[in-house]
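Each remark here refers to the structure printed beneath this line.
The values are calculated or read from the model by the stated rules, or taken from the named source; none is laboratory data. Owing to the predicted nature of the structure, the values given are computational and were not obtained by experimental measurement. In this analysis, Cβ positions are derived from the backbone assuming ideal geometry, glycine residues included, and neighbour counts consider all displayed protein chains. These accessible areas exclude ligands, DNA and RNA; they are computed on the full protein's heavy atoms, side chains included. Shrake-Rupley method; radii C 1.70, N 1.55, O 1.52, S 1.80 Å.
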Amino acid sequence: MSRRRKLGTKKKIALLAGAATLAGGGAFALAATSNAASVQNASTSTVCQGLATALGNNEKFIADQRAAPDALSEARIANREAVLAEIRRKQEASGCEVGESAQGSPAAPANPPAQSRPPAQSQPPAQGGGATSGAAGGGDAAAAGEQVCKGSTVTLSGEDGAPAASSNQFPAGTKLRVTNLDNDKSTTVEVTSVSGSCALLNNAAFEQVREPGKFLIRRALIEKVG
């Protein structure tokens with residue numbers, strides 16, 4: 001006749017406590033995994049939004065060139081078509097929706113208000129490539145050292161070459177200081193061509209102020225310095 005061993009009260013308490021600890025550990029592991037996934041998703045979303053903004057800005061630039069062509073429009077459009085192809089390649093590599101497009105830089109007022117802020121530490125002015133025709137808009141009326149295009153985000157054009165910028169507010173030759181307020185990095189670049197944004201940085205200039213893995217500067221300070 002078999003005998004069943006009866007567990008003492010202390011042993012029962014110990015076993016229950018152990019089971020609770022294991023359950024709590026499992027819940028902690030699940031929570032940690034969930035938090036990591038959330039961070040990863042947020043990072044991917046930021047990358048995708050930046051690429052979509054860059055794509056939208058370049059598409060707008062091409063549309064504007066086709067709407068009002070000049071002697072250099074054909075060459076500019078061919079250059080930006082190559083940029084679009086590179087952005088789509090980056091979208092695919094980053095797991096984003098290929099071809100997703102967005103306009104990320106709102107139009108700036110002709111005379112935006114200046115803000116009192118200590119000058120950001122900047123890189124020495126970079127010499128851009130060959131300048132093209134001036135940009136449309138009245139932004140060039142702003143005084144040197146004045147904040148411009150308040151509220152605009154900044155992304156990259158996908159173009160290679162020495163650090164430079166393109167703009168729909170300032171003519172070629174204008175120098176702009178772009179500061180990423182999320183990491184306090186800044187760069188001073190010369191406008192060399194037109195685009196669909198207040199300040200669209202090429203690859204080299206964007207690398208000087210970007211946060212790792214991000215293709216969009218949400219909190220940007222853009223100043224006209226010359």
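Of the strands (runs of 3 or more DSSP E) that lie entirely inside the range 163-226, those containing 1 or more residues that are within 17 Å of GLN103 (Cβ to Cβ) span 165-167, 185-194, 220-224.
Condition test on ALA71, is it open to solvent by 70 Å² or more (accessible area, probe 1.4 Å), of a type in the set (Gly, Ala, Ser) and modelled with pLDDT under 85? Spelling it out, ALA71 is indeed open to solvent by 70 Å² or more (accessible area, probe 1.4 Å), of a type in the set (Gly, Ala, Ser) and modelled with pLDDT under 85. For the range 167-222, a tally of residues being of a type in the set (Ser, Thr, Tyr) and closer than 18 Å to ASN57 by Cα returns 5. Counting the residues of the range 74-114 that are in a loop (DSSP other than H, G, I, E, B), at pLDDT below 85 and open to solvent by 60 Å² or more (accessible area, probe 1.4 Å) gives 7.
Within the range 142-198, if we keep just the residues that are at positive phi and of a type in the set (Gly, Ala, Ser), the residue that is nearest to the chain's Cα centre (by Cα) turns out to be GLY158.
Residues in the range 115-133 include none that are open to solvent by 50 Å² or more (accessible area, probe 1.4 Å), modelled with pLDDT of 85 or more and under 21 Å from ARG210 (Cβ atoms).
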